[in-house]
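The values are calculated or read from the model by the stated rules, or taken from the named source; none is laboratory data. These numbers were taken from a predicted model, which means no experiment stands behind them. Reconstructed Cβ throughout: ideal geometry from the backbone, glycine too, with neighbour counts over all protein chains shown.
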Amino acid sequence: MTAAAKHGFTVNLSILFGELPLLERPAAAAAAGFTAAELWWPFGAEHNPSRAELDALRRAFTQAGVQLTGLNLLDDLSEGARGTVSLPSERDRYRANVPVAAELAASLGATALNALYGNRVEGVDPAEQDALALEHLVLAARAAYGVGAVLLIEALNEAESPDYPLVSAAAAVEVVDGVNAATGLGNARFLCDLYHLARNGEDPAAVIDTYADRIGHVQIADTPGRNEPGTGELDFEDLFARLTAAGYTGVIGLEYRPSTGISADSFGWLPRELRTAAR
C-alpha cells in the first residue's frame, strides 16, 4: 500500500490487543512495530483513577517506548454509552475528569483529547443537552490548549449509535466551529473516522476534500465489518492519497477489530517499516 508510506500510524489499544490486559498492550504494540498508541478512557466511567493506577499506565507506556498520541475524555463505550459531554447526570464526573485526562495526556506526550458528545436522553430537551455540551466542550478545549493539545469532536454512525446526535461530518464540524467561536482558541478539530462516515452512507473521499481544514485526526477501519483494511469495501490507497493531497500530516489511528480475533495477525496490510508514528 504505497500511499500509506506518506503517513504515520498509531494503534488504538482499547480495541486492538484487547485480548491482553491493558498494561500489557503497549509492549505488545511495540513488539508489532508500533511506536505510538491511543486510548479510549481506560479506567471506566465509575471513578477517576487513583495515583497508583495512573502511574502504572504511564510506566506501561514509557517502559514499552510507546508514545500516547490521543486519549478520550470520560466515556464507557462498553455499556453502550457514547460519551458524557452532553449528559446532565454526568456533569460533576465530567468536570472532574477533564483535568485528570489532560494531565495524563500531557505526561505521555499526547496532543489530542477526544470528547464524545453523548447520547440523547429521554425526557431531556435536546437544546438543554446541546447548551451543556457547548459549555463542557469549551472547558475541555481550554484544558487541551493548556497542555498543547487539540480537542477532537467525532461523528459516529447511526446504525451502531442510534441515540447519538452527531451522525454526519457536517453535524460534527458544526459543533467544532461553535466551540472555536466560543473560545477563540481554534484548537477544536474534527475527528474524521472513515469507518463511521462510510457506515453512515457518506463518501469518505468527499468528506476529506470538503473538511480538510477542520480535520485534526483520522481513524480507520474497513466497512461494514469494522475489521482491518482489505477486509471490506473501502479503497484505502485512494483515501490515504487524498489525505496526503489535502495536506493532512497527522497520524492515522488504527481503530478496528482484527478479523481473526488476534491483533498481531491483523497488520499484514501495513509493512512493519511503516508502522511508526514518524514520517
Yes or no: ALA133 under 15 Å from the mean Cα position of the chain (by Cα) and crowded, with 19+ Cβ neighbours inside 10 Å?
no
Only one of (1) at positive phi; (2) modelled with pLDDT under 95; (3) not basic (Lys, Arg) fails for GLY65. Which number is that?
(2)
Being of a type in the set (A, V, I, L, M), under 20 Å from ASN12 (Cβ atoms) and surrounded by fewer than 23 Cβ atoms within 10 Å (Cβ to Cβ) narrows ALA106, ALA110, ALA101 down to just ALA106
Counting only residues that are of a type in the set (Ser, Thr, Tyr) and outside any loop (DSSP other than H, G, I, E, B), which one in segment 235-274 is surrounded by the fewest Cβ atoms within 10 Å (Cβ to Cβ)?
THR244
Quick one: which of ALA182, ALA188 is of a type outside the set (Phe, Trp, Tyr) and surrounded by fewer than 22 Cβ atoms within 10 Å (Cβ to Cβ)?
ALA182
Tell me the residue from ALA277, ALA169, ALA221 that is modelled with pLDDT under 95, within 17 Å of the chain's Cα centre (by Cα) and either small (Gly, Ala, Ser) or buried (at least 16 other Cβ atoms within 10 Å of the Cβ) (or both), please.
ALA277
Which is modelled with pLDDT under 95 and either surrounded by 15 or more Cβ atoms within 10 Å (Cβ to Cβ) or among the β-branched types (Val, Ile, Thr) (or both), of ARG51, ARG93?
ARG93
Does VAL121 satisfy the criteria of being outside any helix (DSSP H, G or I), more than 16 Å from the chain's Cα centre (by Cα) and either surrounded by 15 or more Cβ atoms within 10 Å (Cβ to Cβ) or among the polar types (S, T, N, Q) (or both)?
yes
